[in-house]
Amino acid sequence: MNLVLDIGNTRVKAALFDGDRLVELKYFSSQDEVWNDIGFIRQARAAMIGSVVHDTGRLADKLSTLFPVELFSATTKIPLRNLYQSASTLGSDRLAASIGAYALYPDADVLVVDAGTCIKYNFTNAANQYLGGGISPGLAMRFKALHQYTGKLPLIEPDTTAVELIGRDTRHSILSGVIAGSVAEIDGIVAQYREQYPALIAVISGGDSEYLAKQLKSSIFTHQNLVLKGLNYSLNCTNPLP
């Protein structure tokens, strides 16, 4: 089986894949926690690590004592042609999400909306060329920014069950601004892409995707764990099964 690690800004997602089938998914608060779950990782015969943080070398070195380890980078063999102008600075999660979408929708114009710490827009055209997209703050980041950059606004915990368009107190006004604003942003950006690419397939993934998808007016598919699926696809390209 393959071990696939998506090391993000807030947590580490780890998955075991049998071929292209996700067998087990775990969440860890640190890279050390991953290594300490030795029973989990010893099930693998190879690993792929994608990371948006700099310090992954220690974990990669430890895992490499057990099996071959690949670090997802701009030089990793992938099924897409990467036309991003600064490919070396492209976040591994952005490209991997598009590879995961490619596995589902090859030879199509696809926009992936990855709703996690940031809301990331990643576009691949029907020629299977990754062109880029956009990055904006995610829901939790927006709540924190309102609190940290103002003198009186409180830090509001996300509450997706009590969102009204017209907030009648400060708490509900913040909830409306952050959540309704994020939904309007996604709908608007999807609409702009569809103006240029009428056959566009829009896909949403990430931790906040299920809730946001229910609020969107745009036609959009929900696929969880696209980043992990993309990393696994790339590992199979680099280190195919015998």
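The values are calculated or read from the model by the stated rules, or taken from the named source; none is laboratory data. Keep in mind it's a predicted model, so treat the numbers as computed, not measured. Glycine gets a Cβ as well: all are built from the backbone with ideal geometry, and neighbour counts include every protein chain shown.
Among the residues making up the stretch 142-160, those that are surrounded by 14 or more Cβ atoms within 10 Å (Cβ to Cβ) and at pLDDT below 95 are I156, P158, T160. Of the residues making up the stretch 132-139, one or more are assigned to a helix (DSSP H, G or I), outside the structural domain of N9 (by TED's automatic domain parsing) and more than 19 Å from G50 (Cβ to Cβ). Here V203 meets the list (1) touching a residue at least 12 places away in the same chain (Cβ under 8 Å); (2) assigned to a helix (DSSP H, G or I) almost entirely, failing just condition (2). Restrict the check to the stretch 161-172 and report whether at least one residue is modelled with pLDDT of 95 or more, buried (at least 16 other Cβ atoms within 10 Å of the Cβ) and either in a loop (DSSP other than H, G, I, E, B) or touching a Ser or Thr at 6+ places or on another chain (Cβ under 6 Å) (or both). Scanning the stretch 161-172 turns up no residue that is modelled with pLDDT of 95 or more, buried (at least 16 other Cβ atoms within 10 Å of the Cβ) and either in a loop (DSSP other than H, G, I, E, B) or touching a Ser or Thr at 6+ places or on another chain (Cβ under 6 Å) (or both). Can you tell me which residue in the stretch 121-131 is surrounded by the fewest Cβ atoms within 10 Å (Cβ to Cβ), limited to those that are in a strand (DSSP E or B) and hydrophobic (A, V, I, L, M, F, W, C)? The qualifying residue surrounded by the fewest Cβ atoms within 10 Å (Cβ to Cβ) is L131. Between a first residue in the stretch 162-190 that is not assigned by TED's automatic domain parsing to the domain that holds T150 and a second residue that is surrounded by fewer than 19 Cβ atoms within 10 Å (Cβ to Cβ) and of a type in the set (D, E), which pairs have beta carbons less than 6 Å apart while being 6 or more apart in sequence or on different chains? Short answer, once both residue conditions are applied: none.
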